[in-house]
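What follows is a short report on a single structure.
Just so you know, all these numbers are worked out from the coordinates, no wet-lab data involved. No experiment lies behind these values; they were computed from the predicted model shown. FYI the Cβ positions are ideal-geometry reconstructions off the backbone, even for glycines, and counts take in every protein chain you see.
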Amino acid sequence: MPRFSANVSVLFTEVPFLDRFAAAADAGFQGVECQFPYHLDSNEVADKVAMAGVTFTLFNAPPGDYAAGERGLAALPGREAEFRESVEVALEYADMIECTRLHVMAGCITEDQRSAAMDTYLDNLQAAAEFTQAAGVQLLIEPLSMPGYFLTRPDQAIDIIRRVEHKNLALQYDLYHAQRTQGNLGEFLENNLHNIGHVQVAGVPGRNEPDRLGEVNWHFIFDMLDAHGYDGWVGAEYNPRAGTVPGLSWAADWGIGGAKTEGAARKRR
């Protein structure tokens, strides 16, 4: 059965951030993840996660100047020292909250920067994979369907993973972005599951619940992950249409639905 992780940057926003871990646990989630936790004290986060009895599965390294439009540093020529510092900051945070997966965002570039950006990206990932491995944290890269973003397609990410050739580097396979840029989700999973360290889901095209209202057959995807022995996490990273808990019917077959549901009870046994 898939192990689902609630991305509390977008789910359970009906309550304050530090209360979302318990809300996710009450709804039946075994894990939690978020985008950027750095506005919170890591000790407080660790305490709340432990009290909720969930696993913190994933977060992103600092992305640079987010307010100015930066979306990562890993592929930006001339920013290598800042990238290294961002990974160091993230690993300190990961150690406190006992998180063992870290996504480093590539960043946005202009087309004339692509060649230099590729060289920078490969060198940065090689160094970061070594650095994070020593800390017991898996390094992840994720293609995003974002204008100007360096890494946009899953097949590009697989090529980069092969070129880096480090066992600690893996793909964060976000099926929302993958469906928008490349499609063939089932075939890609079947051929590349050994390179996937984390999966994320959201409905296409609206990035809402991964249910029957979109164009992806989610039951087929989740059954395929099970059939091929995927033992990682499936992160629910979507924008609820009308509140988090009312929209969880998509996950009822996997023990997720609402506070004190039979699924939540099964999770705690």
Rounded to the nearest 5, the percent of DSSP beta bridges in the chain running antiparallel is 5 percent
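Could you work out the local net charge near SER249, counting Lys and Arg as +1, Asp and Glu as -1, over the other residues with Cβ closer than 12 Å to its Cβ? Walk me through the numbers on the way to the answer.
On the way: positive: ARG212, ARG241; negative: GLU209, ASP211, ASP253.
Cβ neighbours under 12 Å give a net charge of -1.
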Could you please rank HIS177, HIS228, placing first whichever residue has the fewest other Cβ atoms within 10 Å of its Cβ? HIS228, HIS177
Quick note on TYR93, TYR173, ordering by fewest other C-beta atoms within 10 Å, gives TYR93, TYR173
Sequence of GLU190, GLU33, GLU165 once ranked by neighbouring C-beta atoms within 10 Å, starting from the fewest: GLU165, GLU190, GLU33
Neighbours of ASN60 by Cβ distance under 13 Å: Lys/Arg at +1, Asp/Glu at -1, summed charge -3
Between the modelled labels at THR110 and ASP26 (7 Å from Cα along Cα→Cβ) the distance in nm is 5.1 nm
For all pairs of alpha-carbon atoms in the chain, what percent lies in each bin of width 10 Å, listed from the first bin to the last filled one? 7, 31, 37, 22, 4, 0
